[in-house]
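For reference, the structure discussed in these notes is given below.
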Amino acid sequence: MLRTKPVLITAILLSNFSLGACSHLGAKPWERSVLARPDMQASADPVQAGLDDHVYFSKEASSGGRGFGGGGCGCN
Amino acid sequence: MQLTPEEKRRALAAATLTLLGGGLPSAQAEDKTWDIDTAVMVYAESDNRVQAVEPVLKGTLNLGAERYFTAKLVVDTLTGASPNGATPASTPQTFAGPSPYTADPNETPLDDRFRDTRFQGVVDYQFPLSDMDTLGFGVNAGTEYDFVSLGANLRYARDLFQHNTTLSAGLNFESDSIDPVGGIPIPLAVMRPASDSDDDDMNGWRDGSSDSKTVTDVVLGWTQVIDPKSLFQMNYSLSRSSGYQNDPYKVLSVVGTDGEPLRYVYEARPDSRSKNALFMSYKRFVFGRDVTEISYRYMTDDWGINSHTVDLSYRWYFGSAHYLEPHLRWYSQTAADFYHVALDDGEESLVSEASADTRLAEFDAVTAGIKIGSAVPGRGNWSLRLEYYQQSPKLSGVPTQAADGLSKFDLQPELSAVMLTMGYRFTW
């Protein structure tokens, strides 16, 4: 089905990435230069993410996930 | 490379702030510095529907010792027209109100009085309790012409296993009040006829009052460093909203078997809503240069809506410090149990809840975009992003007796929008 296909692909990709790394989970303190990059943060561009959340909150029935779902907005 | 404690914490403590859609500033200095993050979004829907301009100014003051004070101001200027929920008709339709509006034959009725300016302010403070623990709290307030929102949140994050795992918990409370023009309409009551335009007290169709709702959000998060180049995040969130959930400007058409409207009734939603969401994200540094991220969210609520969201982005660095970032987002939702395109004659007295708001309908949506920007450490960085959004509705909630009569109309037209975002971020 059209709806389940991307979901399945995502799940497979996520599990592959995770399982492949199981034997060496984590990074030593001296191995963190990449993880400290601004673009490797969990939310690298929070202002833009906030703008996106506001658009989708006002046009769709879902919100949140990455963070809190309340919109503080009368748009939905 | 041996990192400073500041950099080590930065790599993991981000999970705390992301609960608020925050994120740590890029400033590396130990001195008191402001990380200023600004953006303007221009949002334009097709067919002269909603147009918005939304500037954001966010400043994060690095107080040293991993303490951050953040202030953010958002202004949102909206104009244009929005569907009022009614179905098209073969003849012009005029809708009552303080300023009546008319829809042409066979056109989706749009309320063109849609005009508002929203102001939102956020103040936030985050500080470490120990090398392993971070606490953050924030307050926010928003005002619109007919809407006021006040909120407060508290977040806690704990690092484990040499900062490779972060567990976090966040609690957000929001209190909203709504005071629509003419007062709150009585659910499922008939919208007064347009010919009755001198009827200032609305004759009981609107009860003249305001209303309120409260929203409580809980988010539990797990962020895991997989290896020196990748990060996995999973959040579970629960959101409970109690109180007034209706859109006071939305109606439903009550139609005859020929599909033509007999009257309009105000929508009626349940007085509470509980949402559960699971969010997963995987981010990886690839080819010693680029960053790619894939995320998935599943949401389910007690209104019968389930949704899936898949988001993919790839930041490709070219030259010494510039990137190009294609982005794809796919979204799909089912309809709310009480969603109806329209109601059959007399059905409004048989149902206790009904809404024709297209945001509660079944649809798929796709966003495709591209972003270009600079990423020079310690310098001001700009970005420019262009995105296209399209919603493709699937027809549902058609009243049985009027199904044939309504089939001559385009009941759920597609919605498309273009979004242009300009950003500039610098340390001061």
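The values are calculated or read from the model by the stated rules, or taken from the named source; none is laboratory data. Values in this document were obtained by computation on a predicted structure and should not be read as measured data. Because the Cβ atoms are built from the backbone with ideal geometry, glycine has one as well, and the counts that use them run over all protein chains shown. Ligands, DNA and RNA are stripped out before the accessible areas are found, and what is left, the full protein with its side chains, is counted by its heavy atoms. Shrake-Rupley method; radii C 1.70, N 1.55, O 1.52, S 1.80 Å.
With a 10 Å cut-off around each Cβ of B:360-366, the average count of Cβ atoms from other chains is 2. Given a 1.4 Å probe and the protein chains as shown, residue B:125 ends up with an accessible area of around 60 Å².
Evaluated at q = 0.10, 0.17, 0.19 Å⁻¹, the base-10 log of the normalised Debye intensity for the stretch B:215-365, with identical point scatterers placed on the Cα atoms, takes the values -0.54, -1.01, -1.14.
Note on the protein assembly as shown: Cα convex hull, mean projected area over all directions, 22.7 nm².
For the stretch B:38-427, the alpha carbon convex hull comes to 142 Å³ per residue, rounded to a whole number. The separation of the stretch B:350-409 from the stretch A:24-76, counted between C-alpha centres, amounts to 20 Å.
What number, rounded to the nearest 500 deg cm²/dmol, is the helix-based mean residue ellipticity at 222 nm of chain B, given -39500 (n - 2.57) per DSSP H run of at least four residues and division by all its residues?
On the way: 2 runs with 18 residues, N = 428.
Calculated at 222 nm, the ellipticity per residue is -1000 deg cm²/dmol.
For chain B, averaging the sequence separation of C-alpha pairs within contact (under 8 Å, six or more residues apart) and dividing by the residue count gives a relative contact order of 14 percent.
Consider all pairwise Cα distances in the stretch B:18-174 and report the whole-number % of them above 28 Å. Tail of the P(r) past 28 Å holds 43 percent of the pairs.
Under 12 Å from a label point 7 Å along Cα→Cβ of residue B:257: give me every residue in the stretch B:380-408 with its amide N that close. What the label zone holds, given the 12 Å backbone N cut-off, is B:401-405. When the label point is put 7 Å from the Cα of residue B:379 along its Cα-to-beta-carbon vector, which residues of the stretch B:279-297 have a backbone N closer than 20 Å? Within reach of a label on residue B:379, which here means backbone N under 20 Å from a point 7 Å along Cα→Cβ, the stretch B:279-297 contributes B:289-291. Excluding ligands, DNA and RNA, the accessible surface per residue across the protein assembly as shown is 42 Å² with a 1.4 Å probe. For chain B, the longest principal axis of the C-alpha atoms and the axis of helix B:5-18 are separated by about 10°.
GNM on chain B, alpha-carbon springs under 10 angstrom: the most fluctuating residue among B:410, B:112, B:344 is B:410.
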